[in-house]
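**Student:** To start, I am sharing the structure in question, which I have written as structure tokens.
The values are calculated or read from the model by the stated rules, or taken from the named source; none is laboratory data. From a predicted model like this one, the values you see are computed outputs, not experimental measurements. Here the Cβ positions follow ideal geometry from the backbone for every residue, glycine too, while neighbour counts run over all protein chains shown. Surface accessibility is based on the protein's heavy atoms, side chains included, excluding ligands, DNA and RNA. Shrake-Rupley method; radii C 1.70, N 1.55, O 1.52, S 1.80 Å.
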Amino acid sequence: MKVFKIFLFVFLSFAIQAQVSDAVYEKMYVYSDSIRKNNQAVKIDPQTVKMADSLTNAHPLAYFAAAAKLLEAFKYNDAAYIWAVGKMRETYYGNFTKYDRAFYDYRDAVSEPVWMFLRSNVDNVVAILKLAATYHLKHDYRLSPRDAKPDHYDEAAHLYERMAEQFSIHKSYFENMWLRERKEQEAYNQQK
């Protein structure tokens, strides 16, 4: 019955919101530039943390569906935060489950715009990954509790902490690479 509910949720999620709209991409860089200009990295709405709390009994897919809704509402930092917590939940939950192609396809469809946003500001991605890792370590995932595999649970967060550290250490490298990608993307969009 649990598998059927997950399948139904995946199917309905695809039907309702299969792709993130073009409007998300259009406003993403404007918002990211504003964060950088006003030095407002990692401003997360307190309601978003409550949202993460409310998803603790849910399949990791629920985190990605919530992130997609936040993207559609142009709440990019909040979407990135929920997405990052979802990635950690997915990493841990994956230790207990089999491969689910529909889930991974949906996750990847949401991950693309989130990473696009995160790649536009290194300081912001570092702050969000650290904040999400801290949340994951301090809040047990009731769907698959930490006690089942405590080392794996903590490793999910430590992976993202190490990733944030590498982005920070090699900040100029990532800034230059991501700026080049952005210019290519903007040139491509102008040709459409």
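**Student:** Filter region 148-176 down to residues that are in a helix (DSSP H, G or I) and charged (D, E, K, R) and give me whichever is most open to solvent (accessible area, probe 1.4 Å). Lay out the reasoning, then the answer.
**Tutor:** Start the filter on region 148-176 by keeping residues that are in a helix (DSSP H, G or I), which leaves 148, 150-169, 171-176.
If we keep only those that are charged (D, E, K, R) too, we end up with 151, 154-155, 161-162, 165, 171, 175.
Working: D151: 127, D154: 50, E155: 80, E161: 62, R162: 107, E165: 96, K171: 67, E175: 85 Å².
That would be D151.
**Student:** Moving on to the next point. Take E184 and tell me if it is among the charged types (D, E, K, R) and either open to solvent by less than 70 Å² (accessible area, probe 1.4 Å) or at pLDDT 95 or above (or both). Steps first, please.
**Tutor:** On the way: among the charged types (D, E, K, R): yes; either open to solvent by less than 70 Å² (accessible area, probe 1.4 Å) or at pLDDT 95 or above (or both): no.
So E184 fails the test.
**Student:** Let me ask another. One residue is enough: does region 126-135 have a residue meeting the conditions in a helix (DSSP H, G or I), open to solvent by 70 Å² or more (accessible area, probe 1.4 Å) and not hydrophobic (A, V, I, L, M, F, W, C)?
**Tutor:** Within region 126-135, one or more residues are in a helix (DSSP H, G or I), open to solvent by 70 Å² or more (accessible area, probe 1.4 Å) and not hydrophobic (A, V, I, L, M, F, W, C).
**Student:** Let me ask something else about it. In region 38-53, which residues are at pLDDT 95 or above and among the polar types (S, T, N, Q)?
**Tutor:** Q47, T48
**Student:** Hey, another quick one. Determine, yes or no, whether F64 is touching a Lys or Arg at 6+ places or on another chain (Cβ under 8 Å) and surrounded by fewer than 23 Cβ atoms within 10 Å (Cβ to Cβ).
**Tutor:** Working: touching a Lys or Arg at 6+ places or on another chain (Cβ under 8 Å): yes; surrounded by fewer than 23 Cβ atoms within 10 Å (Cβ to Cβ): no.
When the stated conditions are applied, F64 does not pass them.
**Student:** Taking interchain pairs and intrachain pairs at least six residues apart, which have beta carbon atoms under 6 angstrom, with the first residue in region 107-123 and closer than 18 Å to R180 by Cβ and the second of a type in the set (D, E) and open to solvent by 20 Å² or more (accessible area, probe 1.4 Å)?
**Tutor:** V122/E175
**Student:** Yes or no: T97 among the polar types (S, T, N, Q), farther than 13 Å from P60 by Cβ, out of contact with any Phe, Trp or Tyr (no Cβ under 7 Å at 6 or more places or on another chain) and exposed (fewer than 15 other Cβ atoms within 10 Å of the Cβ)? Please lay out each step first, then the result.
**Tutor:** On the way: among the polar types (S, T, N, Q): yes; farther than 13 Å from P60 by Cβ: no; out of contact with any Phe, Trp or Tyr (no Cβ under 7 Å at 6 or more places or on another chain): yes; exposed (fewer than 15 other Cβ atoms within 10 Å of the Cβ): yes.
In short, no.
**Student:** Out of the residues in region 131-145 that are out of contact with any Ser or Thr (no Cβ under 7 Å at 6 or more places or on another chain) and among the hydroxyl-bearing types (S, T, Y), state the one that is farthest from A156 (Cα to Cα).
**Tutor:** Ranking the candidates gives S144 first.
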